[in-house]
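Report on the following structure.
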């Protein structure tokens, strides 16, 4: 079924019916916030043993007292742990404070102020442009907008960014300096870049020597199911291509331990790591190594982290599945409505062309807050007014059920309104 | 006695004697690191109850779960606590991660990239200059050097910077954008700014509207004795003068809880605080609020912090006093050697004109590392080659005793060498 083929009179009849159902939902007076990818309370409990055992933690790590100054690149043991996250060597890793966004912001600001490995500071160039696969992460785009970096939107396909376009855009234009990627369980579409896409990304031949791939592997271990989707190791591929200086990798424990109070890390070539350590010297004596030591003791190694992530998955999976069930029930035969069925990460992406703004508005009127429509696109401009990002982690199952009921009614009303015009 | 008045032959005789004593010290093969103001192990133990009780901490604070995203300006309770440190209102405070240096660096970088409250970004100006009272904190000067900000050295007197000079320098020159101050138990001279100096600082009439006083109150509660030296509240004075936008205040718990893993804070006018929160939005979702909650529970209030600081003082005071005793024994009658007798903070400042580099070199040769001579001055240039910064916190009493013996011999040798030339 496609709303486009329904006659106006019938649409109007449907609309009045849906509005009645919508009003019933409004009357319930429930409030659900699904704007951001925040862990829920039950997830936050998973990491409590880290704090419960904090007093017993051994802060003497390879002769370093984690409680005192020193180690600007982070505790050796923390670098070793995150090297396993990234699949790189420990000396290719810098472990920082809790926010990977902060590291991304800093490396962009460093490039603007100082250039990269001797290149012209970006502040001194007429134009700086970034490639922004969309829909994507609003905070990436916000960094660009904040610095006046031009954003070139390229479509995010089911296996990653449209690489034909990406290759073409960076090949001849020296002002193109970067591309934002969330390569695994992508924010918001949930897709994972295919081997082919990773391979092509690692083999880019950008005109700008200081072009960087911002590889934000925020959901590297965040599978919803036992079987993890494999993401090809981009650093291995880049090394083979002699392109290792082109890759900046990021990750954090924001959704493993505590959101905004975890540990974040950066990985890149030895050149870039040394350059960054040199820059960080002027900024900070060292990151919070007490927090790093607590994380090392609690997380132990990559296998143990995977066990911890299963506990997160057990909490999150039913919410994702409930969403899919209810959406399938409502729209399995409706061509106008598409939604992702992610195998990991924090988001579900819903597409209803021409109706996203209206749907978010209607849902809000019934107490359910979604991320503002358009915010998954550069400059907040979704040409099709199509994409809605759903963050199912915070609500309880009951709230989730209500929220999807509201979403379903909002979609139905918006579609009737749109096609009855 | 003044080495200048001793005859050459006698100096040579003295030198050969001191060299013998020096060689004996070298033979002991002891290593002591007094380069940085780091807390010692015993001090780090003071804050261990914070970690031991971490599991019992109440992370629900005024309806906010400290373990989740949110509160970019820091936990309300943390802002209230630091408001007491600064003597300002809670909404004039932003509480960040562990490093106050990081906040200072960031606000300078924000000013360079974006300007302050609508002023021209400093990056777009031909010249940016900072006033640097010296001797001062090397990391302040390093920020300037890193950004290519010109440093104008003004003498640090016994009651603060030479304010006649400071007033004159900033009055007519719009490129003068800031001044670095460690107003209490100053790094490295240990002095506290007098009421008159604070008053004049708060009443500066700089040509540049975006001139800022960087008030790094790193040692605000770090008295060595029961009676604390009072520092006049600069924000009160600035408000009276209508100058509240001109003041940036900084402090941290680096030397209250854990060095580099504490909590740092910024205080300023409502205008500046709002501006900074707006800038920080693009950088970080929030600071580590788990750490802030632990600090709030452990530190409680300003009176309790003062009790904690007495424990630090009890550990530090004997080291400072041992230093003074041994230096008095060696040099009480020697006009060429001066040293500070600080009532708080982390440093002792020694002045031996024309000999600082040689003394640090000699001490290093006997296993005792001091901060590089000159580093307390902009560009590392101490015109008189006079100042040595001593950080007595780390060594044990035994090591301290050895280190002062080495310093005494190194001074004697350097003076003999210099005046025998």
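Derivation of every value follows stated rules applied to the coordinates shown; laboratory data play no part. Quick caveat, the model's predicted, so the values are computed rather than measured. Glycine gets a Cβ as well: all are built from the backbone with ideal geometry, and neighbour counts include every protein chain shown.
Points to keep in mind about this one:
- Plainly put, the stretch B:240-291 has a radius of gyration that is 1.05 times its Kirkwood radius, both from alpha-carbon atoms, as the Rg/Rh ratio.
- For chain B, the longest principal axis of the Cα atoms and the long axis of helix B:8-27 meet at an angle of about 60 degrees.
- Peptide B:260-266 is shielded by partner chain Cβ atoms: per residue, an average of 5 of them sit within 10 Å of its Cβ.
- Adding -39500 (n - 2.57) for every DSSP H run of four residues or longer, then dividing by how many residues the protein assembly as shown holds, sets the calculated 222 nm ellipticity at -13500 deg cm²/dmol.
- The stretch B:175-194 and the stretch B:348-421 have Cα centres separated by 22 Å.
- For chain B, the longest principal axis of the Cα atoms and the long axis of helix B:289-299 meet at an angle of about 70 degrees.
- Between identical copies, the spacing of residue B:325 label points, each set 7 Å from Cα toward the C-beta atom, reads 7.7 nm from nearest to farthest.
- Relative contact order (%) - chain A, alpha-carbon pairs under 8 angstrom, separation at least six: 27 percent
- As a rough guide to protection, the peptides A:367-377, A:148-158 ranked by mean Cβ packing within 10 Å, highest first, stand as A:367-377, A:148-158.
- Shape of the stretch B:194-316, Cα gyration tensor, a/c cut at 1.5: oblate
- Peptide B:52-60 shows a mean partner chain C-beta count of 4 within 10 Å per residue C-beta.
- Residue ranges A:231-241, A:402-412, A:178-188 sort as A:178-188, A:402-412, A:231-241 when ordered by packing (mean number of other C-beta atoms within 10 Å per residue, highest first).
- Directionally averaged projected area (convex hull, Cα atoms, the stretch B:142-205), nm²: 4.4 nm²
- Expressed to the nearest 5 percent, the antiparallel share of DSSP beta bridges inside the protein assembly as shown is 45 percent.
- Label-point distances for residue B:164 to the equivalent site in the other copies, using a point 7 angstrom along Cα→C-beta, read 7.7 nm when ranked shortest first.
- Our analysis of chain B gives Rg over Rh at 1.00, with the two radii drawn from alpha carbon positions and Rh computed by the Kirkwood formula.
- Spatial separation of Cα centroids for the stretch A:77-92 and the stretch A:220-277, in angstrom: 9 Å
- Relative to the longest principal axis of the Cα atoms of chain A, helix A:100-114 runs at roughly 60 degrees.
- Residue B:271 paired with residue B:205, simple spin-label distance in nm, labels 7 Å along Cα-to-beta-carbon: 1.8 nm
- The convex hull defined by the C-alpha atoms of the stretch B:1-129 has an orientation-averaged projected area of 17.8 nm².
- Per residue, the average separation of C-alpha pairs within less than 8 Å and at least 6 apart gives the stretch A:316-421 a relative contact order of 32 percent.
- Once the Cα gyration tensor of the stretch B:262-421 is diagonalised, semi-axes √(5λ) in Å: 39, 21, 13
- Highest-MSF residue in chain B out of B:143, B:388, B:116 [GNM, Cα springs under 10 Å]: B:143
- Ranked by the mean number of other Cβ atoms within 10 Å per residue, highest first, peptides A:302-314, A:120-132, A:245-257 order as A:245-257, A:120-132, A:302-314.
- Distance between the C-alpha centres of the stretch A:17-61 and the stretch B:104-145: 41 Å, rounded to the whole angstrom.
- Cα gyration tensor category, rounded, prolate or oblate, for the stretch B:101-157 with a/c compared to 1.5: prolate
- Prolate/oblate/rounded label for the stretch A:208-273 (Cα gyration tensor, a/c 1.5): oblate
- Modelled spin labels at residue B:80 and residue A:84, positioned 7 Å past Cα toward Cβ, are 4.2 nm from each other.
- Length-normalised contact order for the stretch A:205-248 - Cα pairs under 8 Å, 6+ apart - percent: 56 percent
- Cα convex hull, the stretch A:48-112: 119 Å³ per residue, rounded to a whole number.
- All alpha carbon pair distances within the protein assembly as shown were sorted into 20 Å bins beginning at 0; the resulting P(r) in whole percents reads 14, 42, 31, 10, 2, 0.
- Dividing the convex hull volume of the alpha-carbon atoms in the stretch B:140-260 by its residue count gives 115 Å³ per residue.
- With semi-axes defined as the square roots of five times the eigenvalues of the C-alpha gyration tensor, the equivalent ellipsoid of the stretch A:67-206 measures 26, 21, 15 Å, largest first.
- If R0 equals 30 Å, the separation of the Cβ atoms of residue B:13 and residue B:158 corresponds to a calculated FRET efficiency of about 0.25.
- Nm distances between copies for residue B:307, ranked from closest, using label points 7 Å along Cα→Cβ: 4.1
- When the Gaussian network model of chain A links Cα atoms closer than 10 Å, the mean-square fluctuations of A:219, A:137, A:69 top out at A:69.
- Listed residues A:139, A:38, A:212, most fluctuating in chain A (Gaussian network, C-alpha, under 10 Å): A:139
- Within 10 Å of each Cβ in B:86-99, the average number of Cβ atoms from other chains: 2
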